[in-house]
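Here the structure is laid out as structure tokens; the discussion comes afterwards.
The values are calculated or read from the model by the stated rules, or taken from the named source; none is laboratory data. Keep in mind the model is a prediction, meaning the values are calculated, not measured. Note: ideal-geometry Cβ built from the backbone for every residue, glycine included; neighbour counts use all protein chains shown. Each accessible area value is taken on the protein alone, full model and side chains, heavy atoms only, with ligands, DNA and RNA left out. Shrake-Rupley method; radii C 1.70, N 1.55, O 1.52, S 1.80 Å.
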Amino acid sequence: MPRVIETISQMRQVLQQMRREQCTQEPVVALVPTMGALHEGHMRLVEDARQKADLVVVSIFVNPLQFGPSEDLDKYPRSLERDMEMLGDLADIVFCPAVQQMYPNGVQSTTITNSQVARLWEGATRPGHFDGVLTVVAKLFSIVQPDIAVFGQKDAQQVCVIKQMVEDLNLPVTIVVHPIVRQNNGLALSSRNRYLTQEQADAACVLSHALQKADERKEHGVKAMISAARKQIGSQAQVRLDYLAVVDEHSFCEMKPHDHGPAIVIVAAWVGTTRLIDNMPITIPTL
Ligand code: AMP
């Protein structure tokens, strides 16, 4: 079982000690930030970290700063004991601070803002979300001082803003991105899938099927990709689309009809009261 640490001072102390105890001169430290309620998707990130690093730190923190006032902060699943069992020996340390530990003054006077990509898509639907994400990730980087940090492609826009933060602020950490882990039926694993009934979970598969349809139409350009994907989602009455777009992988601006090259098809939708996101990186060939 990993060692559980709840305070920042203990985290710093233990890391310092572990760094000293490592046989290698400069142990590679990996951080995998999560909000817990771990599933196989998280575990693959941790496995990736294990392969690349000498010390693996998994943070489990449901960050209030990234939830909007009407979002699911209170009901977000928390299952620390089960998470610890799942992690077993894969992680060396689980850092699970209380909210008071991370935000002792209640609110932060200093936060991190991305004023471009973070305003679009997820940021448009969830104002302030990415400020909350970037602020907590910057704090975790400062506390753990990892050499590498592993994030999932599942949250593609999050990966984009974190990479920009690292570049803009010259943070000494390498960002590793792990591909999306899916169920056999295509549904991307997510802690929020726990909110779904079986019927809703079956219906939610339409999101990944829509992304596949877009991929199949990539030779016909952006418009064809979007209309095929929208048609697929329209076939499932239980799914209410928030957005579906083909975007540039760096700017997250919409690709124009005749654009080609690396892109990401992004989708967000409501299934009942649960909001799900998914995406697929696609290279659009020259038309
Ligand atoms: P969360 O606990 O939802 O904040 O996720 C923690 C990390 O796990 C983030 O970097 C997510 O992108 C990643 N993650 C969550 N679900 C998946 C998945 N199905 N495949 C790959 N990575 C994932």
Given backbone amide H placed at 1.01 Å from N, residues whose amide H is under 5 Å from that of ARG78, ignoring those fewer than 5 places away on the same chain, are none
Ignoring ligands, DNA and RNA, what accessible area per residue does the chain give at 1.4 Å, in Å²? 49
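Given the rule -39500 (n - 2.57) for each run of at least 4 DSSP H residues, summed and divided by the residues of the chain, what is its mean residue ellipticity at 222 nm, to the nearest 500 deg cm²/dmol? Show your work: numbers first, answer last.
Numbers: 10 runs with 103 residues, N = 287.
When only DSSP H runs of four or more count, the value is -10500 deg cm²/dmol.
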P(r) of the chain over all Cα-Cα pairs, binned every 10 Å from zero, in whole percent: 6, 27, 35, 23, 8, 1
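Mind checking the dipole of the chain: about its Cα centre, +1 per Lys or Arg Cβ, -1 per Asp or Glu Cβ, Debye to the nearest 20? List each step's numbers first, then the result.
Working: 27 positive and 32 negative charges, 95 e Å.
In total the dipole reaches around 460 debye.
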Taking 8 Å as the Cα distance limit and 6 or more residues as the minimum spacing, I'd like the relative contact order of segment 119-181 as a percentage. 35
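By the scheme Lys and Arg +1, Asp and Glu -1, what is the net charge of all other residues having a beta-carbon under 12 Å from that of THR111?
Working: positive: LYS139; negative: ASP131.
Around THR111, the surrounding residues sum to 0.
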Those GluC sites (Glu not before Pro) in segment 69-164 that DSSP places in a loop and that have at most 16 other beta carbons within 10 Å: GLU71
Rounded if a/c is under 1.5, else prolate if a/b is larger than b/c, else oblate: which is segment 225-274, with a ≥ b ≥ c the root eigenvalues of its Cα gyration tensor? oblate
Based solely on C-alpha atoms, express the radius of gyration and the Dmax of segment 145-287 in angstrom. 15.9, 47
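Ordering LYS52, LYS256 by accessible area with a probe of 1.4 Å, largest first, what comes out?
Details: LYS52 100, LYS256 130 Å².
Sorted descending by solvent-accessible area, the residues read LYS256, LYS52.
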Once the dipole of the chain is set up from charges on Cβ (+1 Lys and Arg, -1 Asp and Glu), the residue from the list PRO2, VAL176, GLN25 lying farthest towards its positive end is VAL176
Against the longest alpha carbon principal axis of the chain, how many degrees, from 0 to 90 and to the nearest 10, is the axis of helix 156-168 turned? 50
Mean-square fluctuation maximum in Gaussian network of the chain, Cα pairs under 10 Å, restricted to ALA224, ALA201, ALA237, hits ALA237
Among ILE266, ILE226, ILE112, determine the one that fluctuates most according to a GNM of the chain built with springs between C-alpha atoms less than 10 Å apart. ILE112
Considering the Cα positions of segment 201-252, please state its Rg to one decimal place and its Dmax as a whole number of Å. 11.2, 33
Percent of beta bridges antiparallel (DSSP, the chain, rounded to nearest 5): 55
Return the sequence-ordered ³J(HN,Hα) values of segment 134-143 in whole Hz as given by the Karplus equation 6.51 cos²θ - 1.76 cosθ + 1.60 applied to θ = phi - 60°, using x for Gly and Pro. 5, 5, 5, 5, 4, 5, 5, 4, 5, 6
To the nearest 10 square angstrom, how much accessible area does CYS96 have with a 1.4 angstrom probe? 20
For the chain, with the dipole built from +1 on Lys and Arg beta-carbon atoms and -1 on Asp and Glu ones, taken about the Cα centre, which of GLY234, LEU244, SER115 lies farthest toward the positive end? GLY234
Nearest 20 debye, what's the magnitude of the dipole of segment 154-287 about its Cα centre given +1 on Lys and Arg Cβ and -1 on Asp and Glu Cβ? 380
Between GLY123, GLY36, GLY106, find the one with the highest GNM mean-square fluctuation for the chain; connect C-alpha pairs within less than 10 Å. GLY106
So what is the relative contact order of the chain, in percent, for Cα pairs below 8 Å that sit 6 or more residues apart? 16
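Give me the percent of Cα-Cα pairs in segment 1-141 that sit more than 28 Å apart, rounded to a whole number. Each step should come with its number before you reach the end.
Details: 2206 of 9870 pairs.
Roughly 22 percent, rounded to a whole number.
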